[in-house]
1. Given the criterion within 14 Å of chain B (Cβ to nearest Cβ) and crowded, with 20+ Cβ neighbours inside 10 Å, identify the matching residue among A:Leu434, A:Leu461, A:Leu417.
2. Mind listing whichever residues of the stretch A:297-318 are buried (at least 22 other Cβ atoms within 10 Å of the Cβ) and under 30 Å from A:Leu87 (Cβ atoms)?
3. Would you mind telling me which numbered condition in (1) surrounded by fewer than 22 Cβ atoms within 10 Å (Cβ to Cβ); (2) touching a residue at least 24 places away in the same chain (Cβ under 8 Å); (3) within 12 Å of chain A (Cβ to nearest Cβ) B:Leu180 fails?
4. Checking the conditions here, which among B:Leu327, B:Leu291 is away from every other protein chain (no Cβ under 14 Å), modelled with pLDDT of 90 or more and out of contact with any Cys (no Cβ under 8 Å at 6 or more places or on another chain)?
5. Being within 30 Å of B:Val94 (Cβ to Cβ), within 14 Å of chain A (Cβ to nearest Cβ), out of contact with any strand residue (DSSP E or B) (no Cβ under 6 Å at 6 or more places or on another chain) and part of a helix (DSSP H, G or I) narrows it down to one residue among B:Val201, B:Val214, B:Val231; which is it?
6. When you scan the stretch A:314-323, do you find a residue that is closer than 14 Å to A:Ala414 by Cα, more than 20 Å from the chain's Cα centre (by Cα) and not aliphatic (A, V, I, L, M), even just one?
7. Condition check: within 12 Å of chain B (Cβ to nearest Cβ), under 29 Å from the mean Cα position of the chain (by Cα) and of a type in the set (Gly, Ala, Ser). Does A:Gly289 satisfy that?
8. Hey, could you check the stretch B:108-128 for residues that are surrounded by fewer than 18 Cβ atoms within 10 Å (Cβ to Cβ) and in contact (Cβ under 8 Å) with a residue 40 or more places away in the chain and say which is farthest from B:Ala241 (Cα to Cα)?
Amino acid sequence: MSLLRLEDITKRYPGVTALDAVGLELAAGSVHGLIGENGAGKSTLLRILAGAERPDAGQVLLDGVPVTLVAPRQALDRGITVIYQELTLVPELGADANVFLGMEPARGLALDRRAMRERARETLASLGLPLADPGIPVKRLSIAQQQLVELARALVRQARVIALDEPTATLTQTEVTHLFGQIARLRDRGAGIIFVSHRLDEVRQIADEITVLRDGAAVWHGPARDVDDAGLIRLMVGRDVEYLRQPPAGPAAATPRLEVIGLTREPGFRDVSFTVRPGEIVALAGLVGAGRTEVARCLAGADRWTAGRVRLAGRDYRPRGPRDGIRRGLVYLPEDRKRDGLILGFTVGANTTLPVLRRFTRLGVVRAPAERHAAEEVVERIQLRPPDLDRVTRTLSGGNQQKVVLAKWLLADAEVLIVDEPTRGVDVGTKIELHRQIRALANHGKAVLVISSEMPEVLALADRIVVMREGRVAGELPAGEATAERIMALAVAA
Amino acid sequence: MRAWIGRYGVGLALLLLTAIAAATVPGFFTRENLTTVLLHVSINAILALGMTFVIVAAGIDLSVGSVLGLAGVLAAATLTSGPLLQAVGVGGAVAAALVVGLGTGVGVGAVNGAVTAWFGVAPFMVTLAAMTIARGAARLFTGGVPIGFPATGDPQFAAKVAALDALHELGGGRLPVPGLPRGFPVPALVMLLLAVLAAFVLTRTRFGRYVYAVGGNEEAARLAGVPIRAVKLAVYAIAGACAGLAGILLVGQLRSGGPDAGLLYELNAIAAAVIGGASLFGGIGTAWGALVGALMIGVLNNALDLLGVQSFWQEIVKGGIILLAVLFDVWTKRGAQRA
């Protein structure tokens with residue numbers, strides 16, 4: 001008898017069937033991979049499992065017994081923990097307090113803080129996160145570490161079913177390896193793990209069985225060893241897609257457009273130097289926390305550097321704010337599009353024109369037809385589907401939101417684009433499309449700097465790869481010589 | 001459906017309330033009484049329009065009531081200053097009073113905005129301090145008693161009364177309108193013109209777009225090159241300007257400037273903006289909403305007045321309406337997110 005069994009789970013929203021009689025079986029001591037494009041229904045399924053959403057039909061059986069999960073509390077009490085991609089920690093609270101959130105050990109009326117600290121320390125250490133001070137606010141931990149805090153939370157709750165939604169989306173290769181080690185340990189202790197990811201190689205590596213969702217239906221289910229990436233992609237999208245390298249149309253110009261010379265901002269990064277030429281895509285590779293985003297933010301004018309200098313199109317460049325960057329033709333597409341990239345309450349149109357609103361303004365008044373015309377053009381160019389300018393950005397899928405971010409900066413017509421994790425949490429089809437867009441930019445003579453933690457993406461996109469390690473440049477590789485192994489060697493070598 | 005109700009609900013609620021009042025309250029649905037309602041809400045609506053800019057930019061301004069008071073007493077003092085009247089006459093004094101009143105509002109507002117924007121202090125605290133300081137300054141300046149109306153035996157008694165009468169044309173005047181025997185009150189006209197202006201600025205100008213952007217997601221707006229600090233400074237200056245204007249109108253209406261004028265008006269202004277759909281989290285709110293919110297409060301007060309309901313009960317009812325408006329807001333938003 002399986003640990004968890006989902007039978008004919010159906011969920012309808014107005015106008016759309018998110019899940020259509022989906023079944024899934026999870027054995028104790030196994031990992032079940034769940035894959036599908038954005039909007040295939042993975043998140044909805046997890047939300048039902050977490051008790052955050054009620055199915056319209058079907059049932060959930062735990063140990064063969066039907067259970068009702070109508071509140072998150074009920075799922076937790078039955079040993080089901082869902083760890084969402086957007087982590088649900090309280091940033092200001094300590095790691096220990098987060099681990100025990102909602103089930104604090106108490107002596108009488110008072111919290112037993114010492115027990116909390118010690119048990120949190122032990123649990124986190126067992127997950128390979130030894131913290132000198134378990135009371136450290138989790139906002140000071142890296143994303144990978146925060147994830148382990150979430151996992152520790154599942155452990156102290158003695159969760160038997162643990163579902164992880166895109167846990168590796170923000171992790172570097174070593175962090176992924178570490179996480180997989182922990183997942184394997186939990187599995188060996190008899191837990192059932194549901195593993196949701198866009199990274200097919202990872203799913204095949206960790207999962208015993210795989211279920212593929214497409215448009216709310218489970219279209220395939222079977223042992224992981226029976227399929228390869230190409231087969232899975234075919235199942236997911238219902239067509240053949242290749243994760244092709246996007247080659248440059250021609251050689252890049254000789255003179256660099258962006259020259260970074262000895263750039264330093266303690267404690268984030270030190271003595272970072274590289275160049276980007278027009279028509280070239282340079283990838284900034286490295287582990288999360290290597291200082292790549294920090295460099296990008298400084299270049300964008302969002303933060304200040306303390307030493308070194310930058311030359312932009314041959315002239316000195318020292319932005320006092322993002323406005324200066326935009327004015328000089330350098331734009332930054334941030335890593336976290338919801339937090340930094342978009343105004344979710346705005347329409348698609350208003351988001352795309354925000355940085356260049358001045359262009360459509362006469363005497364302070366926005367000329368709506370001109371604005372609309374420009375937005376229509378750029379939305380067409382990035383092939384947003386549907387190309388609805390009046391739709392509120394919040395209601396778009398992650399991939400479409402990322403396209404809107406791209407559209408916005410395309411419209412800004414910048415000469416240098418810094419793209420931070422452009423395809424994070426985006427399905428394969430959209431990912432390939434975004435790659436094409438980025439390559440098209442370079443082919444139009446833009447200088448593009450891509451930050452990515454996903455090795456295949458770096459290899460597919462970059463003409464040159466600058467690898468960072470612990471705040472410094474560890475080395476540089478031309479695309480011809482780069483392999484995943486060589487990049488990784490630079491990123492982690494002692 | 002929910003989204004549609006969310007957009008037009010407040011307007012419908014106002015129509016509904018008006019219809020109910022018209023059907024059940026004797027003397028409510030007359031031209032004369034409806035004009036009175038407009039006059040009575042004008043001060044609050046003007047404050048609420050300014051407040052809407054601040055709230056949409058994810059701020060709050062607790063100081064507008066006190067700024068109204070301070071601007072009023074300074075304007076009244078300017079208007080009835082003997083030397084000034086002698087030098088520039090009644091017309092000049094009225095102009096100077098307008099400049100002083102509006103300048104006070106813009107000045108205090110700009111300081112509020114600057115401290116909020118450059119030092120990153122929570123606007124609640126900054127404007128709470130400004131509220132206390134402005135009220136204290138108004139009381140200090142006047143010695144705690146209303147100023148403006150000259151004492152009998154004042155050597156410039158006639159000139160000062162003339163100046164007050166001139167400003168009264170603005171604050172208490174009526175424009176002849178056919179069908180309205182007593183005419184249309186000037187402050188109500190000012191309110192309507194200001195609402196049109198505010199709606200235009202918020203929806204049609206680049207600055208307006210920036211206000212929504214700052215309130216919707218400040219960091220994203222900053223990275224998109226929106227001048228965050230300038231926008232913040234401007235919205236508080238606008239709220240201050242509205243408070244200054246309201247102070248001047250009140251002085252004109254009453255022919256004197258009282259140090260306690262506008263006490264707690266900031267709360268009514270916030271209430272009107274929120275009833276009109278503005279979100280205290282920022283990014284959401286309209287000028288029309290603020291106007292409609294102020295009218296809701298006004299119609300309610302007026303109808304309850306006519307029914308002879310105690311003013312204490314009116315407060316309780318107003319509080320209930322605010323709560324309903326906020327619950328309604330949550331309900332429509334939840335629907336919008338599901339869709």
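1. Details: A:Leu434 fails: within 14 Å of chain B (Cβ to nearest Cβ); A:Leu461 fails: within 14 Å of chain B (Cβ to nearest Cβ).
Result: A:Leu417 is the single residue among A:Leu434, A:Leu461, A:Leu417 that is within 14 Å of chain B (Cβ to nearest Cβ) and crowded, with 20+ Cβ neighbours inside 10 Å.
2. A:Arg297, A:Cys298, A:Leu299, A:Ala300, A:Gly301, A:Trp305
3. (3)
4. Numbers: B:Leu327 fails: modelled with pLDDT of 90 or more.
Going through B:Leu327, B:Leu291 in turn, the sole match is B:Leu291.
5. On the way: B:Val214 fails: within 30 Å of B:Val94 (Cβ to Cβ); B:Val231 fails: within 30 Å of B:Val94 (Cβ to Cβ).
Only one candidate passes the filter, namely B:Val201.
6. So far as the stretch A:314-323 goes, yes, one or more of its residues are closer than 14 Å to A:Ala414 by Cα, more than 20 Å from the chain's Cα centre (by Cα) and not aliphatic (A, V, I, L, M).
7. Numbers: within 12 Å of chain B (Cβ to nearest Cβ): no; under 29 Å from the mean Cα position of the chain (by Cα): yes; of a type in the set (Gly, Ala, Ser): yes.
In short, no.
8. Of the residues in the stretch B:108-128, the ones surrounded by fewer than 18 Cβ atoms within 10 Å (Cβ to Cβ) are B:110, B:114, B:118-122, B:124-125, B:128.
When the remaining residues are screened for being in contact (Cβ under 8 Å) with a residue 40 or more places away in the chain, the result is B:110, B:114, B:118, B:124, B:128.
Details: B:Ala110: 10, B:Ala114: 15, B:Trp118: 21, B:Phe124: 19, B:Leu128: 18 Å.
Only one residue fits best here, namely B:Trp118.
The values are calculated or read from the model by the stated rules, or taken from the named source; none is laboratory data. Please read these numbers as outputs of a predicted model, since none were measured by experiment. All Cβ positions, even for glycine, are placed from backbone atoms using ideal geometry, and neighbour counts span all protein chains on display.
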